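**Student:** Structure provided below as structure tokens; questions to follow.
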Amino acid sequence: RERPLANMRSSTALYNCMGLLFASRRTWIDPESLGMILAEDEYRQLGGLHEAYVGDIVVYRDSEGDVAHVAVIIELEPVIQTASWKVTVISKWGADGEYVHPLDELPDRLGSATEYWADRRLAP
């Protein structure tokens, strides 16, 4: 009820948001491991949403700057009237369900979208 634009996809507690993205929905991964995973898997930080594509990762941080949540972009739709993007992501809300939702339509405890990461290689 709190987030009417979010659509539940599943309700298992088997994995968290990190497990969704990096462990094929098989386990929980501590958010503190994010930096190591991004480095070892050769992700690169994007300059902002304007550089993002479908399949890229969104990192949400809490008010202290700690990683609180991650999601993957599944749809980018241009909004001509505002020269912006409507961004849809899929993410797992802790032990709660897996949701398809707008970029900023998630519980406050999961922080705010602050970073975008890609594993795409740049053209030589």
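The values are calculated or read from the model by the stated rules, or taken from the named source; none is laboratory data. As the structure is a prediction and not an experimental result, all values here were calculated from the model. Virtual Cβ from ideal backbone geometry, glycine too; neighbours counted across all protein chains shown. Surface areas here come from the heavy atoms of the whole protein model, side chains and all, with no ligands, DNA or RNA. Shrake-Rupley method; radii C 1.70, N 1.55, O 1.52, S 1.80 Å.
**Student:** Tell me whether segment 71-83 contains one or more residues that are crowded, with 17+ Cβ neighbours inside 10 Å and not hydrophobic (A, V, I, L, M, F, W, C). Spell out how you get there, then give the answer.
**Tutor:** Residues of segment 71-83 that are crowded, with 17+ Cβ neighbours inside 10 Å, as a first pass: 71, 73.
So of that shortlist, the ones also not hydrophobic (A, V, I, L, M, F, W, C) come out as none.
Looking for residues that are crowded, with 17+ Cβ neighbours inside 10 Å and not hydrophobic (A, V, I, L, M, F, W, C), one finds none in segment 71-83, hence no.
**Student:** Only one of (1) modelled with pLDDT of 95 or more; (2) in a loop (DSSP other than H, G, I, E, B) fails for ALA71. Which number is that?
**Tutor:** (2)
**Student:** Looking at SER84, is it more than 13 Å from the chain's Cα centre (by Cα) and within 22 Å of ARG120 (Cα to Cα)? Before you say what the answer is, go through the steps one by one.
**Tutor:** Numbers: more than 13 Å from the chain's Cα centre (by Cα): yes; within 22 Å of ARG120 (Cα to Cα): no.
Against the criterion (more than 13 Å from the chain's Cα centre (by Cα) and within 22 Å of ARG120 (Cα to Cα)), SER84 does not qualify.
**Student:** Of these, SER10, SER24, which one is at pLDDT below 95, of a type in the set (Ser, Thr, Tyr) and in contact with a strand residue (DSSP E or B) (Cβ under 9 Å, 6 or more places away or on another chain)?
**Tutor:** On the way: SER24 fails: in contact with a strand residue (DSSP E or B) (Cβ under 9 Å, 6 or more places away or on another chain).
Matching residue, one of SER10, SER24: SER10.
**Student:** Separate question: Test of understanding: among TYR60, TYR99, which residue is open to solvent by less than 90 Å² (accessible area, probe 1.4 Å), over 21 Å from ARG121 (Cβ atoms), modelled with pLDDT under 95 and hydroxyl-bearing (Ser, Thr, Tyr)?
**Tutor:** Values: TYR60 fails: modelled with pLDDT under 95.
Unique residue meeting the criteria: TYR99.
**Student:** Another question about this same structure. Taking LEU49 as the residue in question, decide whether it is open to solvent by less than 80 Å² (accessible area, probe 1.4 Å), touching a residue at least 40 places away in the same chain (Cβ under 8 Å), of a type outside the set (Asp, Glu) and farther than 19 Å from LEU5 by Cα. Working first, answer last.
**Tutor:** Numbers: open to solvent by less than 80 Å² (accessible area, probe 1.4 Å): yes; touching a residue at least 40 places away in the same chain (Cβ under 8 Å): yes; of a type outside the set (Asp, Glu): yes; farther than 19 Å from LEU5 by Cα: yes.
In short, yes.
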